[in-house]
Each structure stands twice: as structure tokens, then as C-alpha cells.
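The values are calculated or read from the model by the stated rules, or taken from the named source; none is laboratory data. Computed from a predicted model, the values in this text were never measured in an experiment. No Cβ is skipped: glycine too gets one built from the backbone with ideal geometry, and neighbour counts run over all protein chains shown. For accessibility, only protein heavy atoms count, side chains too; no ligands or nucleic acids. Shrake-Rupley method; radii C 1.70, N 1.55, O 1.52, S 1.80 Å.
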Amino acid sequence: GRLFLADYALLEGLPTGSLGGEPQFVAAPLCLLWLEPGGRLLPVAIQLSQHPGTPIFVPGDKGWPLAKLWVRGAHFTLHEMVT
């Protein structure tokens, strides 16, 4: 009851447009979260694609801050699509 998976598979293959002539992108990440005893939900691993073999980022990795940013963008996009 302390590990959770946020799966953004609904975003896989989502068509995107362009902004100012530049193509836009959206990720369909998998984000593993841990509920710490104090009640905070913390990300512990992020895979930015639904495809096996895609790199997995963990805290301390060079790309960790950027991976978290991609998850936030995916979360916002999914929220806007569904609600």
C-alpha cells in the first residue's frame, strides 16, 4: 500500500500541433511513486515512454529534473483531456 504507478498511456501517439512553426511533443510516461510514512507522495522512478527498454530515471540521475518536468507536463495534458 505504499507504492503506486502513474501510467499516462492515454497520451501514447497523441497527435500534437506546432507553435510558432516548431513541432510540439508530449510524453506518455510511467512514474513510480512511494508514499512515505509522513504522508508525502514521492516519485522514485520515471520512464518517459511506454516502450520496454526506454531509459529509467531515478533521483540523483543527471536527467532526473527534466524527467520530472515531462511527467508534470503529461499530467497536465491528461488532466485537461479528461476533465
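Would you confirm, using the coordinates I've provided, whether Thr54 is open to solvent by less than 70 Å² (accessible area, probe 1.4 Å) and without any contact (Cβ under 8 Å) to a residue 12 or more places away in the chain? It would help to see each step written out before you state the result.
Working: open to solvent by less than 70 Å² (accessible area, probe 1.4 Å): yes; without any contact (Cβ under 8 Å) to a residue 12 or more places away in the chain: yes.
Answer is yes for this residue.
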- Message: Being surrounded by 13 or more Cβ atoms within 10 Å (Cβ to Cβ), of a type outside the set (Ser, Thr, Tyr) and in contact with a strand residue (DSSP E or B) (Cβ under 7 Å, 6 or more places away or on another chain): is that true of Ala28 here?
- Response: no
- For region 25-65, which residues satisfy the criterion of being part of a loop (DSSP other than H, G, I, E, B) and aromatic (Phe, Trp, Tyr)? Phe25
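Suppose we filter region 68-83 for residues that are open to solvent by 100 Å² or more (accessible area, probe 1.4 Å) and either among the hydroxyl-bearing types (Ser, Thr, Tyr) or not in a helix (DSSP H, G or I) (or both); how many remain?
Filtering region 68-83 down to residues open to solvent by 100 Å² or more (accessible area, probe 1.4 Å) leaves 69, 72, 75-76, 80, 82-83.
Restricting the remaining residues to those that are either among the hydroxyl-bearing types (Ser, Thr, Tyr) or not in a helix (DSSP H, G or I) (or both) gives 83.
Qualifying residue count, region 68-83: 1.
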